[in-house]
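Here is the structure we will look at.
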Amino acid sequence: MPSVLCLTIIGEASPSTQAKLLRVLQEKEIVKVGDNKPRKIDVRFIAGTHRNLPEMINTGTFREDLFYRLNSFVIKIPPLRERSEDVMNLASEFLDKLNFANKNNEQYRFSLDAEEALLAYSWPGNIRELNNFISTINVELPSKYLITKIDIEKILEKKRLSVSISKNGVPKILKLKKKRTTKEIILKALDSCSGNKTLVAEYLGIDRTTVYRTLEREGI
């Protein structure tokens, strides 16, 4: 019976890796590190990607011959935003794992309105993003075990803010704590936060008074 090798991000493979993999698929043999003698293998490859491989072929970033070698049987899994029925099932499973790892007497649980907030978000990072989101609950809600719609929306907004600020070139919070926060940084963060001064203070790790005084001086 053949062994199974899963290649979960085949679309990220470099040109040299693609060439080596194609040779393995064609010859059904490998050469171990430190050896120069080819060894026959019996392996079934399962490849996965979130990238558009036909488009990558057109742009020359993915080998067409490798694509057809791997493309013998295709299973297309819709993104999580198209499988709303799976969101709560997965979120509950990840929360159970978090509770098991914590070994606390009190366990995290979702309120009745939490589902609304989880389903309203599109989860562009799919299952991995949802899992990562649940894993941050320990940090975001250290002593609040009933997770409400408001809690979820607040964490997601903070995440959105973090991504937005990073794209706009605002220094990360750890750097800001070691340096004097300038008015330019506050103004830039304010723009990314759609004018929400409380979120600016929370993300930058500074007191709201500092934000308000800085903006007052600027006539904002």
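Bear in mind these aren't lab numbers, they're just calculated from the coordinates by the rules spelled out. Remember, it's a predicted structure, so these values are computed and weren't measured experimentally. Counting neighbours? That spans all protein chains shown, and the Cβs are built from the backbone with ideal geometry, glycine included.
Multiplying the residue separation of K158 and Y68 by 0.36 nm and subtracting their alpha-carbon distance yields 28.2 nm. Considering only L119, L22, L130, the Gaussian network model of the chain with Cα springs below 10 Å gives its largest mean-square fluctuation to L22. Taking all C-alpha pairs of the chain, those more than 21 Å from each other amount to 69 percent.
On full extension of the chain, what length is gained from S92 through K32, given 0.36 nm per residue of separation minus the C-alpha to C-alpha distance? Could the numbers behind the result be given before it?
Details: separation 60, 0.36 × 60 = 21.60 nm, distance 4.29 nm.
Extending this stretch completely gives an extra 17.3 nm.
Of the candidates Q107, Q26, Q18, which one comes out as most mobile in a Gaussian network treatment of the chain with C-alpha springs shorter than 10 Å? Its mean-square fluctuation being the largest, the pick is Q26. Over the chain, Cα pairs under 8 Å with separation of 6+ residues give a relative contact order of 14 percent.
Going by the alpha-carbon gyration tensor, a ≥ b ≥ c the square roots of its eigenvalues, is region 1-84 rounded (a/c under 1.5) or, if a/c is not under 1.5, prolate (a/b greater than b/c) versus oblate? Prolate, since a/c reaches 1.5 and a/b exceeds b/c.
Using the Kirkwood formula on the Cα atoms of region 9-54, what hydrodynamic radius do you get, in angstrom to one decimal? Mind dumping the intermediate values first?
Values: mean 1/r = 0.0829 Å⁻¹.
The Cα-based Kirkwood calculation yields 12.1 Å.
By DSSP, the beta bridges lying fully in the chain are antiparallel in about 20 percent of cases. Taking a 21 Å limit on the Cα-Cα distance, which of the listed pairs K76/K158; K159/K183; K159/K188 fall beyond it? Pairs exceeding the cut-off: K76/K158; K159/K183.
Projected label points at E218 and I75, each 7 Å from Cα along the beta carbon direction, are separated by 5.1 nanometres.
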